[in-house]
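Following: one structure in structure tokens, then a few remarks.
Readers should treat all values here as calculations from the given coordinates under stated rules, not as data from a laboratory. None of these values were measured; they are calculated from a predicted model. Every residue, glycine as well, gets a Cβ built from its backbone with ideal geometry; the counts of neighbours run over all protein chains shown.
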Amino acid sequence: MGIASGPPGTTHSVALTPAGTVLLAEARIALDALQAAERRAQRAAAPEPKLVLAVKADGDAGLLEPILARLASEPAAVPVAVRLCGRHEQPRLLRRGEADAALVHEPFDRTGLDTETLTAEPRVAALAATHPLAARDRLTLADLGLRPGDLHRFRDETRGEGRDLAQLLTLVALGDLTRLLPVSVATRYPRPGVVYRPVADAPPAVLVIAWPQQSRSTATAALVRAAASVADAVRDGHAGQGLSGGSDRRRGTEPVRRIRPETRDR
């Protein structure tokens, strides 16, 4: 079924037909979804049910603790276990059922996931205090030798220079590296020898909360509501400062889809 081979007695190789290739890919997706559902069901059936929230250690825009505090007031809330992970590991953890929700920066593979935009932060350049551009109040991408389309490649290349934020900022302070970061990182991680300068034309750093499309969990819905509420409060508190929250539409992105708890089964 779905396999093409040569005549009997020949040494021709065996290969999948186009239909077989499609079937194999779809079967893998279905099997992964089944295994993910089993993992989530096991957590839900545990004596002490909990949600797993995946987040990169320095990638929560300062929202993680406020979200957990807000969630505690939700009637449908259950305890949350925070799973720290590497950059863009969150979608894989969600699709494998190893996490129920995640805070993750765009862009990432959205296959099988729903999202709610939380913040769209301005980016700043992290420079050595001795860097010639450190004397400027504001920069542009051209000052850094970049174009808008170069941003993600530049971030991937510079991320490879250090395993974590502490290492990256050490390299910046030594003058070995220039890095673009969300403005919240600059606020939370001041460092001797490093200066942060706004980059006027850099696209924003967009943080979303993501969860599996097939989720029917009222607890996950409560977590998404708490995250959206905190993001709205942050946006209102930063009005006029360039930080926007989940209710804003961003050019070139899809409208967000919200979990509606009244349609979810317990």
Once normalised by the length of region 72-221, the mean sequence separation of its alpha carbon contacts under 8 Å that are 6 or more apart gives a contact order in percent of 43 percent
Could you work out how much longer the chain between Arg92 and Asp164 gets when fully extended? Use 0.36 nm per residue separation minus the Cα distance between them, nm to one decimal. 23.9 nm
Excluding Ala134 itself, what net charge comes from residues whose Cβ is under 14 Å from its Cβ, given Lys and Arg +1 and Asp and Glu -1? +3
